[in-house]
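Nothing in this text is a laboratory measurement; each read-out follows from the coordinates by a stated rule. Values in this document were obtained by computation on a predicted structure and should not be read as measured data. For neighbour counting, all protein chains shown are included, and Cβ atoms are generated from backbone atoms with ideal geometry for every residue, glycine included.
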Amino acid sequence: MDPLNIGILVSLVTIVVLASGIPVAFGLGLVSVGFLVAFEGMDALGVLAETFFAGIAEFSLVSIPMFIVMGSAVASSPAGKDLYEALDRWLHRLPGGLIISNIGACSVFAALSGSSPATCAAIGKMGIPEMRKRGYPDGLATGAIAAGGTLGILIPPSITMIVYGIATETSIGRLFIAGLLPGVMLTILFMGWSLFAAHRGGYSFRDAAMGFSFAQKMEVLPRVLPFLVIIAGVLFVLYGGVATPSEAAGVGALLCLILVAVIYRVWQPRKIWKIVSDSMKESVMILMIIAASALFAYMMSSLFVTQTVAESIAALEVNRWVLMAIINLFLLVAGFFLPPVAVILMTAPILLPIIQAAGFDPYWFAVVLTINMEIGLITPPVGLNLYVINGIAPEIKLTTILRGALPFMLCMVVGIILLCIFPEIATWLPVALMGIAL
């Protein structure tokens with residue numbers, strides 16, 4: 001069978017298998033083994049264990065469970081509540097200060113936790129009832145939190161950026177820097193749309209009537225600033241070349257555990273064990289997906305599917321921006337059905353040579369890819385953030401949450417367009433801080 005036809009068959013079978021509800025890692029492993037045996041015979045099984053192990057035999061992967069521990073420690077404490085309260089108290093005099101503080105809290109907490117669902121749950125439990133109580137439309141209140149939660153995979157430190165760096169052998173520190181300004185850009189776009197939508201909906205921005213004294217503003221800062229210092233410290237040692245991502249992640253995780261123990265009294269063995277066990281479950285899930293994706297990539301390469309697809313795309317005699325539009329559409333559809341880590345591991349090694357041959361920067365492409373994955377988090381049929389929001393606000397219909405989130409999806413599309421017009425949004429800061437990539 002022609003490799004291109006095999007690739008189409010692999011895609012169809014993979015979609016069917018994953019749509020059955022089987023865990024992604026097991027689904028990818030099942031498809032990989034099935035096609036290898038079908039086309040290469042039982043002898044192909046001799047390299048499965050070695051290939052599977054090689055997928056996670058990478059020292060830099062140590063940073064993933066460390067960052068997950070860091071996020072789990074923060075998510076298990078009232079840090080999200082304090083962060084939300086701090087921003088609300090300081091921004092309440094701004095028109096629409098409540099919606100701004102919610103999105104701002106999402107962006108900062110997402111950077112701390114690195115988890116979109118955790119961000120939606122932590123900020124949404126406080127922000128959604130408060131916004132509804134003050135008259136904000138249900139769709140806007142839920143959509144803003146759902147979209148704000150997606151920022152965790154773009155604003156550093158980002159686990160998906162670590163996975164991209166490992167899959168494409170690019171600098172993780174440079175990837176973190178590349179995601180910083182685009183993350184701020186998306187946050188501003190989200191805030192801008194929220195204010196416009198609230199104003200269009202007739203909300204009169206009465207937040208300034210909620211007064212807070214200077215003492216009330218200051219009393220919450222000691223519980224919030226230490227965590228912000230940790231983020232700044234982790235980024236500083238990474239960008240300053242003081243430590244590797246794994247070392248920075250380990251120190252960040254330890255400091256977060258110490259802070260939640262000191263500030264929030266989360267020191268009981270039962271609570272510490274919950275942080276560790278939750279982190280272990282998520283780490284094992286991600287590492288299993290990474291290992292299974294390595295097996296899937298081996299199968300695709302062994303059957304010459306990867307090479308044929310790359311050659312077919314490269315042979316398209318189209319403008320490079322048309323090529324980028326096709327790739328964006330492909331990533332967008334893939335993000336509807338698969339988690340970001342799986343999409344990155346399955347597509348980045350194939351697409352990166354094509355992207356570079358077309359003259360695009362690999363770090364810029366990492367940001368564009370990640371924003372496409374963010375869109376997948378707030379669009380059905382997967383749309384994980386939508387279901388998290390529906391779980392914490394079950395009285396609001398899922399269709400209302402979806403309608404509220406769709407304009408934020410368009411904000412992300414606008415963000416991708418702005419990155420295409422002004423690629424320096426993603427490329428300027430890495431070059432300014434770390435020089436030109438070799």
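Annotations for the structure displayed:
- From least to most packed, judged by other beta carbons within 10 angstrom and beginning with the fewest, 411, 256, 420 follow the order 420, 411, 256.
- Degrees separating the helix 138-149 axis from the principal Cα axis of the chain, which is the longest one: 60 degrees
- A straight Cα-to-Cα reach below 19 Å connects residue 281 with the lysines 271, residues fewer than 8 places away in its own chain not being considered.
- Summing +1 for each Lys or Arg and -1 for each Asp or Glu among the other residues whose beta-carbon sits under 14 angstrom from that of residue 82 gives +3.
- In nm, spacing of pseudo-spin labels at residue 5 and residue 125 (7 Å Cα→C-beta vector): 5.5 nm
- Of interest is the spacing of the C-alpha centroids, which for the range 1-39 and the range 377-417 amounts to 29 Å.
- Ranked by how many other Cβ atoms sit within 10 Å of their own Cβ, fewest first, the residues 290, 162, 272, 8 fall in the order 8, 272, 290, 162.
- For residue 217, a cut-off of 26 angstrom between C-alpha atoms picks up these lysines, skipping any fewer than 8 places away in its own chain: 81, 125, 133.
- Of [x] 20.8, 64; [y] 21.1, 72; [z] 22.0, 74, the label for Rg and Dmax of the Cα atoms in Å derived from the coordinates: [z]
- Label zone of residue 33 (point 7 Å out along Cα→Cβ, amide N under 19 Å): in the range 270-303 this covers 285-303.
- Highest GNM mean-square fluctuation among 38, 366, 19, for the chain modelled with Cα contacts below 10 Å: 38.
- Estimated from helical segments only, the mean residue ellipticity of the chain at 222 nm is -25500 deg cm²/dmol, where each DSSP H run of four or more residues counts as -39500 (n - 2.57).
- Cβ-placed point charges (K, R +1; D, E -1), dipole of the range 3-434 about Cα centre in debye, nearest 20: 1620 debye
- Counting every other Cβ atom within 10 Å of each residue's Cβ, 365, 236 order from fewest to most as 236, 365.
- Taking the chain and dividing mean pair separation by its residue count, relative contact order in percent (alpha carbons under 8 Å, at least six apart): 26 percent
- Taking the C-alpha atoms only, the angle from helix 79-91 to the longest principal axis of the chain is near 60 degrees.
- Separation of the residue 274 and residue 212 label points, Cα + 7 Å toward Cβ, nm: 2.6 nm
- Residue 49/residue 337 FRET efficiency (R0 41 Å; Cβ-Cβ; nearest 0.05): 0.90
- Cβ-Cβ distance of residue 16 and residue 261, R₀ of 45 Å, FRET efficiency by 1/(1 + (r/R0)^6): the value works out to about 0.45.
- Helix 398-421 vs. the chain, principal-axis angle (Cα, 0 to 90°, nearest 10): 70 degrees
- Alpha-carbon centroid distance for the pair the range 247-295 / the range 65-103, whole angstrom: 20 Å
- Residue 284 versus residue 311: modelled label distance in nm, points set 7 Å from Cα along the beta carbon direction: 4.3 nm
- Taking 317, 282, 85 as the candidate residues, the one with maximal mean-square fluctuation in a Gaussian network model of the chain, Cα springs under 10 Å, is 317.
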